[in-house]
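Just passing along the structure, written as structure tokens.
Since every read-out is calculated from the coordinates, none of them should be taken as a lab result. In this text, all values refer to a predicted model and were calculated from it rather than measured experimentally. Cβ: placed from backbone, ideal geometry, glycine included. Neighbour counts: every protein chain shown.
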Amino acid sequence: MKPIVTTFFDEPTFTYSYVVQDPNSAHCAIIDSVLDFDYASGTTSTASAEAILAYIAEHNLTVDWVLETHVHADHLSAAPFLAEKTGGKLGIGFNITVVQNTFGKAFNAGTEFARDGSQFDVLLADGDAIQVGDLTGKAIHTPGHTPACMTYVFGDAAFVGDTLFMPDYGTARCDFPGGDASTLYQSIQKVFALPDDTRLFMCHDYKAPGRDTYANETTVAEERLHNIHVGKGISEADFVKMRETRDATLDMPRLILPSVQVNMRAGHMPPAEDNGQVYLKVPINLF
């Protein structure tokens, strides 16, 4: 089946969100939504999420799922806002518990922060089916960037999160806690095993040098042949060497500290303190 894929782009965070629709019905899923966040003022907005809601309302769609490919380190998620507005089930990969344990300790979240994934409706395991109307999707565990990364395949469309970027930009970094370059290489081979004409949809694009426009869609064949980091049969050893060398030069994402604190809670803010105010922490000299 060829699902209908509608793209929403948040340029401040270079993030692509998607509405994936069953071509035979009005059922759909939302993947990797964005909660707008101004770091300087600490203010949030649901403008990006409301654009998705407007599209859903305009086309009279029923949202079955609100899916996260992983705990994002570069933008806050609007998943709970969208789940509440649409009634869709909030899903993420089962290894969210590993991420919660790691970052729960890093942010000293305390006993109030459950580390069992219970903030989500469904924890998806490798091979789990995801039903959207008559369209049966599949969850594929693709760790390496984070332990909880999932790729969601619906018909001829796969949503790879941060596992891959456009062929001219390469692959995800692996230096976050729980990341591993060798594991990412093996995960990418799972994606490369999909049919050549499978459409691959990116979660981000940063415009590779020499390219003037943003891009978010390619194919398995294009990635396998032309990805500058892992295409043309590059060996695992060479990939790991490249990735570890490159990662050592990268700055941390601008929004990683607020993003992880919120997204490990399924997009919810930390609980308010005794004055009624919500705060996000900045660990000093930790990362």
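Select from the stretch 154-192 the residues that are among the β-branched types (Val, Ile, Thr) and either under 12 Å from the mean Cα position of the chain (by Cα) or crowded, with 22+ Cβ neighbours inside 10 Å (or both) and write down the one among them that is nearest to Ala106 (Cα to Cα).
Within the stretch 154-192, the subset among the β-branched types (Val, Ile, Thr) is 160, 163, 171, 183, 188, 191.
After this cut, where a residue has to be either under 12 Å from the mean Cα position of the chain (by Cα) or crowded, with 22+ Cβ neighbours inside 10 Å (or both) as well, the list is 160, 163, 171, 188.
On the way: Val160: 27, Thr163: 24, Thr171: 26, Ile188: 28 Å.
Only one residue fits best here, namely Thr163.
Just the residues that are aromatic (Phe, Trp, Tyr) and farther than 16 Å from Leu67 by Cα, please, taken from the stretch 141-194.
Here is the first cut: in the stretch 141-194, the ones aromatic (Phe, Trp, Tyr) are 152, 154, 159, 165, 169, 176, 185, 192.
If the condition is that a residue be aromatic (Phe, Trp, Tyr) and farther than 16 Å from Leu67 by Cα, then Phe165, Tyr169, Phe176, Tyr185, Phe192 are the ones that fit.
Condition first: of a type in the set (S, T, N, Q), in contact (Cβ under 8 Å) with a residue 12 or more places away in the chain and surrounded by fewer than 23 Cβ atoms within 10 Å (Cβ to Cβ). Can you find one or more residues in the stretch 79-86 that meet it? Write out each step before concluding.
Going through the stretch 79-86, the residues of a type in the set (S, T, N, Q) turn out to be 86.
Of the ones still in play, those that are also in contact (Cβ under 8 Å) with a residue 12 or more places away in the chain are 86.
From what's left, surrounded by fewer than 23 Cβ atoms within 10 Å (Cβ to Cβ): 86.
Yes: the stretch 79-86 contains one or more residues that are of a type in the set (S, T, N, Q), in contact (Cβ under 8 Å) with a residue 12 or more places away in the chain and surrounded by fewer than 23 Cβ atoms within 10 Å (Cβ to Cβ).
Scan the stretch 154-183 residue by residue and report those that are in contact with a Phe, Trp or Tyr (Cβ under 8 Å, 6 or more places away or on another chain) and not polar (S, T, N, Q).
Residues satisfying the conditions are Ala157, Ala158, Phe159, Val160, Phe165, Tyr169, Ala172, Pro177, Ala181.
Also, quick follow-up: Just a yes or no: is a residue in the stretch 140-152 part of a loop (DSSP other than H, G, I, E, B), touching a helix residue (DSSP H, G or I) at 6+ places or on another chain (Cβ under 8 Å), on the phi > 0 side of the Ramachandran plot and without any contact (Cβ under 8 Å) to a residue 40 or more places away in the chain? Lay out the reasoning, then the answer.
Filtering the stretch 140-152 down to residues part of a loop (DSSP other than H, G, I, E, B) leaves 142-149.
Narrowing the set further to residues that are touching a helix residue (DSSP H, G or I) at 6+ places or on another chain (Cβ under 8 Å) leaves 142-149.
If we keep only those that are on the phi > 0 side of the Ramachandran plot too, we end up with 144.
In the following step, the residues that additionally are without any contact (Cβ under 8 Å) to a residue 40 or more places away in the chain were identified as none.
No, there is no match, as no residue in the stretch 140-152 is part of a loop (DSSP other than H, G, I, E, B), touching a helix residue (DSSP H, G or I) at 6+ places or on another chain (Cβ under 8 Å), on the phi > 0 side of the Ramachandran plot and without any contact (Cβ under 8 Å) to a residue 40 or more places away in the chain.
Select, from Glu50, Glu112, the only residue that is in a helix (DSSP H, G or I), surrounded by fewer than 19 Cβ atoms within 10 Å (Cβ to Cβ) and not small (Gly, Ala, Ser).
Values: Glu112 fails: in a helix (DSSP H, G or I).
Exactly one residue qualifies, and that residue is Glu50.
Output the residue which, of all residues in the stretch 193-211 that are within 19 Å of Thr13 (Cβ to Cβ) and either surrounded by fewer than 11 Cβ atoms within 10 Å (Cβ to Cβ) or of a type outside the set (A, V, I, L, M) (or both), is nearest to the chain's Cα centre (by Cα).
Filtering the stretch 193-211 for residues that are within 19 Å of Thr13 (Cβ to Cβ) and either surrounded by fewer than 11 Cβ atoms within 10 Å (Cβ to Cβ) or of a type outside the set (A, V, I, L, M) (or both), the one nearest to the chain's Cα centre (by Cα) comes out as Cys203.
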